[in-house]
There are 2 protein chains.
Amino acid sequence: MKPSHIEHIGIAVRNLEDAIRFYEKIFDLKCYNIEEVAEQKVRTAFFRVGQTKIELLESTDPEGPVSKFIEKKGEGVHHIAFAVKKIAEQLKHAEKHGITLIDSSPRKGAEGLDIAFLHPKSTSGVLIEICEDKNI
Amino acid sequence: MKPSHIEHIGIAVRNLEDAIRFYEKIFDLKCYNIEEVAEQKVRTAFFRVGQTKIELLESTDPEGPVSKFIEKKGEGVHHIAFAVKKIAEQLKHAEKHGITLIDSSPRKGAEGLDIAFLHPKSTSGVLIEICEDKNI
């Protein structure tokens with residue numbers, strides 16, 4: 001079950017407005033949506049680059065996951081999301097191969113997509129999201 | 001000057017073979033090239049996911065940049081590469097807007113592409129590569 005493309009790259013930033021300005025000014029990209037995801041304690045800003053979105057993440061809570069990530073590792077890429085068909089089957093496949101799951105079943109993420117996370121300890125250190133792709 | 005797509009995502013890993021196995025087994029991707037880039041002191045392995053390549057990076061030298069990255073931050077995403085036209089002009093544009101450049105002019109990277117890096121202190125913490133896209 002191959003992913004069709006990289007759905008998005010999530011980037012943890014300290015200041016959403018500064019980071020938006022960078023992508024708009026330097027790469028002439030347009031931020032098309034800013035959205036608060038209360039459950040993840042983040043404000044997110046989205047850009048499109050070909051098939052992939054850049055998703056900037058600013059924490060809304062010092063105890064939130066993005067705040068803790070920045071504390072530990074500094075600003076930078078927080079996760080990569082692969083677009084897949086049949087996300088529930090993909091999760092079962094990963095679990096069968098000994099991958100530790102953060103989400104054992106899909107849940108709703110930003111932009112209303114079904115998503116789930118794999119644990120970085122099983123993935124050579126990358127927090128990997130899989131994301132149902134409705135368009136394939 | 002918009003990038004056309006994310007050319008690749010560079011991921012720093014401790015063990016190239018383990019990481020290759022993960023992407024092959026879990027996502028059914030095929031590693032199509034393994035290449036040593038002596039100048040960067042890395043062995044690299046490539047996969048295609050839609051428009052984007054996953055480039056795994058294993059250090060060949062404890063003093064190399066990928067080794068130092070892992071020491072400081074752990075395994076994980078090391079850089080993102082944006083495909084652009086006219087890379088030299090893009091570099092001048094970034095410099096004019098106050099971005100600190102690692103490479104003030106393009107040089108050869110993996111797979112023979114012209115590349116240059118922007119410094120993470122100017123980019124909200126992400127090591128960004130720009131990469132001449134011959135196909136656009």
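Summary of computed values
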quantity: Conditions (1) surrounded by fewer than 19 Cβ atoms within 10 Å (Cβ to Cβ); (2) within 23 Å of A:Glu36 (Cα to Cα); (3) in contact with a helix residue (DSSP H, G or I) (Cβ under 8 Å, 6 or more places away or on another chain); (4) not charged (D, E, K, R); number of the one not met by A:His93; calculated: (2)
quantity: One residue from A:Leu101, A:Leu56, A:Leu91 being in contact with a Lys or Arg (Cβ under 9 Å, 6 or more places away or on another chain) and of a type in the set (A, V, I, L, M); calculated: A:Leu56
quantity: Members of segment B:6-40 that are surrounded by 19 or more Cβ atoms within 10 Å (Cβ to Cβ) and among the charged types (D, E, K, R); calculated: B:Glu7
quantity: Residue among A:Ile99, A:Ile128 that alone is modelled with pLDDT of 95 or more, more than 15 Å from the chain's Cα centre (by Cα) and hydrophobic (A, V, I, L, M, F, W, C); calculated: A:Ile99
quantity: Residue check, B:Ile54 farther than 22 Å from B:Ala38 by Cβ, within 11 Å of chain A (Cβ to nearest Cβ) and in a strand (DSSP E or B); calculated: no
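Condition check ((1) assigned to a loop (DSSP other than H, G, I, E, B); (2) closer than 16 Å to A:Pro3 by Cβ; (3) among the charged types (D, E, K, R)) across all residues:
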{"position": "A:His79", "(1), (2), (3)": "no, yes, no"}
{"position": "A:Phe82", "(1), (2), (3)": "no, yes, no"}
{"position": "A:Gln90", "(1), (2), (3)": "no, yes, no"}
{"position": "A:Ile99", "(1), (2), (3)": "yes, yes, no"}
{"position": "A:Glu111", "(1), (2), (3)": "no, no, yes"}
{"position": "A:Ala116", "(1), (2), (3)": "no, yes, no"}
{"position": "A:Gly125", "(1), (2), (3)": "yes, no, no"}
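The values are calculated or read from the model by the stated rules, or taken from the named source; none is laboratory data. Predicted, not measured: the structure shown is a model, and the values here were computed from it. Note that we place each Cβ from the backbone using ideal geometry, even for glycine, and neighbour counts take in every protein chain shown.
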